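The structure appears below as structure tokens.
The values are calculated or read from the model by the stated rules, or taken from the named source; none is laboratory data. Since this is a predicted model, take the numbers as computed values, not measurements. Glycine also receives a Cβ, built like all others from the backbone with ideal geometry; neighbour counts cover every protein chain displayed.
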Amino acid sequence: MNLPDKWQALVIQLLAVPGMLLAYYLLLYHNGVLFTSCTVNEIFDCGQVSGPGAPYSSIGPIPVALIGLIGYATIFLVVWLGNWSDLIDDYLPELLIGLTGLAFIFTLGLTMLEIFVIHAICQFCLYSAIIVLIIFLLALSLVISQRRQEA
């Protein structure tokens, strides 16, 4: 694919950067490196969601923020590697729809957990969820535009 044909992939790669920064910030907060108060009110409380000792901030020993950081980095690298590898470039839309679809489902599950189980929302997690949603919609757009070109 040439550059104008994959503008969605470039925007996805661009959006992965603030996603990585958010996930890294939340990882530092989870690990107790940052001691900030994320409590805005009864509804917005990062401490209950992703703070040190928050019961749902890890899956086993793995912090959810680390999973997010790895996910964003993987999305970034797949787009970057598409510029260097014809094999990855040929399947870039499918790779991105798979990765971003998985990220979207994971994020949706976490957001539902925040709303219905924890009864608190982390505003930074919400920003990340918005980024994931936009990235997923861009990946869908990329797949649709590729299918139209092939038809």
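Applying the condition of being in contact (Cβ under 8 Å) with a residue 12 or more places away in the chain and in a helix (DSSP H, G or I) to region 115-128 and asking which residue is surrounded by the fewest Cβ atoms within 10 Å (Cβ to Cβ) yields VAL117. Against the definition (crowded, with 18+ Cβ neighbours inside 10 Å, in contact with a Leu (Cβ under 9 Å, 6 or more places away or on another chain) and of a type in the set (Val, Ile, Thr)), how does THR74 come out, yes or no? Judged against the criteria, THR74 is not a match. Here LYS6 meets each of (1) closer than 20 Å to GLN146 by Cβ; (2) not in a helix (DSSP H, G or I) with one exception, condition (2). From ILE135, ILE131, ILE88, grab the single residue that is modelled with pLDDT under 95, in a helix (DSSP H, G or I) and among the aliphatic types (A, V, I, L, M). Answer to the check: ILE88. Selection of first residues in region 55-76 that are free of Cβ contacts under 8 Å to residues at least 24 places away in the same chain and of second residues that are small (Gly, Ala, Ser), restricted to Cβ pairs under 9 Å at least 6 apart or on distinct chains, gives the following pairs, ordered by first then second residue: ILE70/ALA23.
In region 71-85, the qualifying residues are those that are part of a helix (DSSP H, G or I) and of a type in the set (Phe, Trp, Tyr), and the one that is nearest to the chain's Cα centre (by Cα) is TYR72. For LEU95, the stated conditions hold: it is within 20 Å of ILE144 (Cβ to Cβ) and at pLDDT 95 or above.
Of all residues in region 15-36, those that are part of a helix (DSSP H, G or I) and either among the aliphatic types (A, V, I, L, M) or modelled with pLDDT of 95 or more (or both) total 13. State yes or no: is LEU69 farther than 15 Å from VAL143 by Cβ and either charged (D, E, K, R) or surrounded by fewer than 20 Cβ atoms within 10 Å (Cβ to Cβ) (or both)? No; evaluated as a whole, the condition is false for this residue.
Being without any contact (Cβ under 8 Å) to a residue 60 or more places away in the chain, of a type in the set (Ser, Thr, Tyr) and assigned to a helix (DSSP H, G or I) is the filter; apply it to region 91-113 and report the residue that is surrounded by the fewest Cβ atoms within 10 Å (Cβ to Cβ). Applying the filter and picking the extreme gives THR111.
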